[in-house]
1. May I ask you to list the residues in segment B:226-244 that are surrounded by fewer than 24 Cβ atoms within 10 Å (Cβ to Cβ) and at positive phi?
2. If only one of A:Pro276, A:Pro247 is open to solvent by 10 Å² or more (accessible area, probe 1.4 Å) and within 12 Å of chain B (Cβ to nearest Cβ), which one is it?
3. What number of residues in segment A:51-62 are open to solvent by less than 70 Å² (accessible area, probe 1.4 Å) and either farther than 20 Å from A:Arg99 by Cβ or among the hydrophobic types (A, V, I, L, M, F, W, C) (or both)?
4. Considering each residue of segment A:35-50, count those that are surrounded by fewer than 16 Cβ atoms within 10 Å (Cβ to Cβ), in a loop (DSSP other than H, G, I, E, B) and at pLDDT 95 or above, and give that number.
5. Kindly list the number of the only condition in (1) under 25 Å from A:Val229 (Cβ atoms); (2) open to solvent by 60 Å² or more (accessible area, probe 1.4 Å); (3) touching a residue at least 12 places away in the same chain (Cβ under 8 Å) that fails for B:Arg333.
6. Kindly check whether there is at least one residue in segment A:189-211 that is open to solvent by 10 Å² or more (accessible area, probe 1.4 Å), within 18 Å of the chain's Cα centre (by Cα) and closer than 23 Å to A:Ala127 by Cβ.
7. For segment A:76-105, give me each residue that is under 21 Å from A:Ser43 (Cβ atoms) and not in a helix (DSSP H, G or I).
8. Which residue out of A:Glu83, A:Glu95 is at pLDDT 95 or above, open to solvent by 30 Å² or more (accessible area, probe 1.4 Å) and under 16 Å from A:Pro13 (Cβ atoms)?
Number of protein chains: 2
Amino acid sequence: MIIDCHGHYTTAPKQLEDYRNRQIDELKDDPAHAASAWELGISDDQIRESLENAQLRIQRERGTDLTIFSPRAIGMGHHIGNESTSKYWSQTCNELIHRVCGLYPKNFVGVCQLPQTPGVRPTNCIAELERCVNEFGFIGCNLNPDPSGGHWSGPPLTDKWWYPLYEKMVELDVPAMIHVSGSCNPNFHATGAHYINGDTTAFMQLITADLFKDFPALKFIIPHGGGAVPYHWGRYRGLAQDMGRPPLKELLLNNVFFDTCVYHQPGIELLLKVIPADNILFASEVVGAVRGIDPETGHYFDDTKRYIDSIDWLSAADREKIFHGNARRVYGRFGARNAKAAGA
Amino acid sequence: MIIDCHGHYTTAPKQLEDYRNRQIDELKDDPAHAASAWELGISDDQIRESLENAQLRIQRERGTDLTIFSPRAIGMGHHIGNESTSKYWSQTCNELIHRVCGLYPKNFVGVCQLPQTPGVRPTNCIAELERCVNEFGFIGCNLNPDPSGGHWSGPPLTDKWWYPLYEKMVELDVPAMIHVSGSCNPNFHATGAHYINGDTTAFMQLITADLFKDFPALKFIIPHGGGAVPYHWGRYRGLAQDMGRPPLKELLLNNVFFDTCVYHQPGIELLLKVIPADNILFASEVVGAVRGIDPETGHYFDDTKRYIDSIDWLSAADREKIFHGNARRVYGRFGARNAKAAGA
């Protein structure tokens, strides 16, 4: 079985965008406008159509079985509007993911967007997290380390500001993928700079503090192959050592995992060489940041399975871990769900 | 000959820090305080002492010949104070580099810090750049893409805001190393996040615009092995393609170069595998970000020459380019200076 731990619903029917545009319009006249729910009017057939020739076709073509699926990351836009904007937008996006998972329970399992808002305590995300996990059967969440969208105006992930949310994550046994959203800072291209910077920044925050002493069971996935981290693994090991911190393995590799969204062979090889196989989860970010075919290989840039398949020095045991074993372990509820299904 | 293109005067005598602290003290009472020059009272012997057991010892031990040397990057602190603070601080730092190069002309050649200030047009940097190049014989500058120190409040490097400075750089035939300074944003650890993010961000900015059509002779060095870029080279090639931009080679590899400040063997191997040898300049960032010995190898993390030396598939011609040929070409005035010296 092959689990892709990083897929977004980037192909949702147009009514979702219409709802978002309506939210944005309402904010133009009144930035404090209280958002409300809205019947999207999306039929099951429209959902099927949006997936059949996209994520589902790609699953079939590439031989992946199941995608851990969440709302479009760039669309989370936590910097837009106010707390109520983010609340209704997140609920709407998550409900749509729930419908996807209901229609294709073998192909998708849900991860939720959180209703974060700059300056608002993340305690306000707990109710939606509980709803998604307990009512919808979601197995994780996407946590935006910079809800300001490229201004980085909030506290680092190691700040006690975030602790109530972490407590709930641990209680529910769900990990978070640390994933920024769009950028409203003209310095940062979203998928080319802000995403990668977010990953790198989060990892370095985790080096400097004792977050995992306070939460030994807290688990984070750092997407996009860990940003710059594996490429600069020597730098991070060296910085930790200079700062008198424990070795990285001991400090955070029980809690921090990297996905394989790296879009060329040498990058994937470095990742698999440098980071222990126990800490790598297969992912492709499909349909996502890069959609074209690499003229140098004739294959899709984001067909990350090909890169892993062609590494002959990877042991069968490590390959199993990367393709599904680690995902079952990191997404504890997924493991439990499947164990239950297997016993049923 | 081996040229290290990225060294900072991180070991300057204490009087330099005293001057900076005096500047900061004066700003406490009056943020608009007009700074002034100050006689540092540093003797030539103190300068010698600060280098003999540090950069010079390391040059000897590691077999590098010459360092392209600039003021301490984290100390530039363009976000501190006002335009006059930055002006006098930059002049002071650059004058000290000039003295270093005068005392050890075979070991160091100068690159200047620019008196940038958030919100102030970089036109104000031209006089200091000219002084350093024409009077001191410096061969380049460090350009901070985020003088706000982690708030990224200014325009991207591709904005016309920067053009007058670029015109002067081209006229003087000096490249810039794109190098951020310290971070005053608690989200960004300086050397572990802000530095690497700055590199990644700058590269992505350059993909999205036609800066090098406007300035075909402009040259940038992206330090720290190019941030996350080589590791995600497939992503950047793919993003450029999706955006309808020319292939990266054509778009920017006549103008953009990466240094080798990557502190482990797999990282250096990836860099040399992915980026053309014509675009890589040897560097170590010594004495810099990481000062310890790697317990896995028994050698200094930042002894980057060792990593390159141990790559057996690197051709002799490419090795020469990386160790000195490219530096002579990218730092045009250095090449000219040495040609003159050789003819004398």
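1. B:Gly244
2. Working: A:Pro276 fails: within 12 Å of chain B (Cβ to nearest Cβ).
Exactly one of A:Pro276, A:Pro247 is open to solvent by 10 Å² or more (accessible area, probe 1.4 Å) and within 12 Å of chain B (Cβ to nearest Cβ), namely A:Pro247.
3. 5
4. We begin by selecting, within segment A:35-50, every residue surrounded by fewer than 16 Cβ atoms within 10 Å (Cβ to Cβ); these are A:36-39, A:41, A:43-46, A:48-49.
Subset that is in a loop (DSSP other than H, G, I, E, B): A:36-39, A:41, A:43.
Among the residues that remain, those that are also at pLDDT 95 or above are: A:41, A:43.
So the answer is 2.
5. Tallying (1) under 25 Å from A:Val229 (Cβ atoms); (2) open to solvent by 60 Å² or more (accessible area, probe 1.4 Å); (3) touching a residue at least 12 places away in the same chain (Cβ under 8 Å), B:Arg333 fails exactly one: (1).
6. no
7. Once the filter is applied, which keeps residues that are under 21 Å from A:Ser43 (Cβ atoms) and not in a helix (DSSP H, G or I), segment A:76-105 yields A:Tyr104, A:Pro105.
8. Details: A:Glu83 fails: under 16 Å from A:Pro13 (Cβ atoms).
Only one candidate passes the filter, namely A:Glu95.
The values are calculated or read from the model by the stated rules, or taken from the named source; none is laboratory data. Keep in mind that this is a model prediction, so the values were computed, not measured. Using ideal geometry, Cβ is built from the backbone for each residue, glycine included, and neighbour counts are taken over all protein chains shown. We work out accessible area using only protein heavy atoms, side chains counted, and drop any ligands, DNA or RNA first. Shrake-Rupley method; radii C 1.70, N 1.55, O 1.52, S 1.80 Å.
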